[in-house]
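Down below is the structure, laid out as structure tokens.
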Amino acid sequence: MDGSHSKEGRLEIFHSGIWGSVCDDSFGHTDAIVACRQLGFRCLSNVQVYTEGGFTTSKIWMDNVSCNGQESYLKSCSFGGWGKHDCSTGENVGIRCYGGCAGDLWLVGGNIEGRLHIYHSGSWGTICDDSFGSQEALVVCKQLLLWTQNYRTTIVQFYTTGHGNGTIWLDDVACNGNENRIADCAHRGWNVHNCGHSEDVSVRCYGSYSSDEGT
């Protein structure tokens, strides 16, 4: 998703080596729940659907999507077939995902890279770059399901971008690489830090999809 904040944007799906959009025909609340779930929002409080026109994508992959709400992946829902549609790029669907579970992560700004945010005590906040390294970035990529049988991360990178907002939730994070969630790594404690938002850390998870998996 590519939107004005970390929980909204134009919905895209990866198929046959290409990212493409989803048409808004018949796309509704239940379909958005499945998309948000695949994007890592396990504890949703609300979803919204809107049309995001004016952006040209190389492909429109899905049209007339119809989910029952129990699916884990958007591709498991009924739709007209890959690349079969009667839509223009002015009918690209956008979604907003509200809520989160404790310890959930989000990369603000992209699907596989961006400023790292974590959900705690009902709000999203950032993680300081102090002591943050490749082991910590690896755990982030694993938690974001960017290290699975369908997407294999081959390179992880971390860098400082700053410009975040809200609470700085974690500082001096130290992982051994075997953890599945960044909150399970050692750290100073929630909201215990000596950082400013200029030290907000970002992560890149480089790799490739082995099947039609991504949104």
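The values are calculated or read from the model by the stated rules, or taken from the named source; none is laboratory data. It should be emphasised that the depicted structure is a prediction, and the values quoted were computed from it without experimental measurement. Reconstructed Cβ throughout: ideal geometry from the backbone, glycine too, with neighbour counts over all protein chains shown.
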query = Of (1) in the same structural domain as Asp172 (by TED's automatic domain parsing); (2) modelled with pLDDT of 90 or more, Asn111 satisfies all except one. Which?
reply = (2)
query = Inside the range 1-113, counting only strands (runs of 3 or more DSSP E) that do not spill past its ends, which hold 2 or more residues that are in contact with a helix residue (DSSP H, G or I) (Cβ under 6 Å, 6 or more places away or on another chain)?
reply = 44-51, 93-99
inquiry  = Being over 25 Å from Arg37 (Cβ atoms), touching a His at 6+ places or on another chain (Cβ under 9 Å) and either modelled with pLDDT of 80 or more or surrounded by fewer than 15 Cβ atoms within 10 Å (Cβ to Cβ) (or both) is true for just one of Val192, Val173. Which residue is that?
reply    = Val173
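Mind listing just one residue for me: the one in the range 56-75 that is among the hydroxyl-bearing types (Ser, Thr, Tyr) and more than 23 Å from Trp106 (Cβ to Cβ) and, of those, modelled with the highest pLDDT?
Here the residue is Ser66.
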query = When you go through Gly80, Gly110 one by one, which is the residue that is among the small types (Gly, Ala, Ser) and in contact (Cβ under 8 Å) with a residue 60 or more places away in the chain?
reply = Gly110
Residue selected from the range 98-140 under the condition within 14 Å of Gly164 (Cα to Cα), of a type in the set (Val, Ile, Thr) and under 14 Å from the mean Cα position of the chain (by Cα), by the criterion surrounded by the most Cβ atoms within 10 Å (Cβ to Cβ) = Ile118
request  = With the checklist (1) without any contact (Cβ under 8 Å) to a residue 40 or more places away in the chain; (2) surrounded by fewer than 17 Cβ atoms within 10 Å (Cβ to Cβ); (3) over 20 Å from the mean Cα position of the chain (by Cα) in hand, flag the one item Ser58 doesn't pass.
outcome  = (1)
task = Taking the residues in the range 13-55 that are at pLDDT 90 or above and acidic (Asp, Glu) as candidates, determine which candidate is surrounded by the fewest Cβ atoms within 10 Å (Cβ to Cβ).
result = Asp25
ask   = Considering only the range 163-184, how many residues are within 12 Å of Ser131 (Cα to Cα) and part of a loop (DSSP other than H, G, I, E, B)?
value = 4
query = Do we find that Glu91 is under 24 Å from Arg37 (Cα atoms), surrounded by fewer than 20 Cβ atoms within 10 Å (Cβ to Cβ), in contact (Cβ under 8 Å) with a residue 24 or more places away in the chain and assigned by TED's automatic domain parsing to the domain that holds Gln38 in this structure?
reply = yes
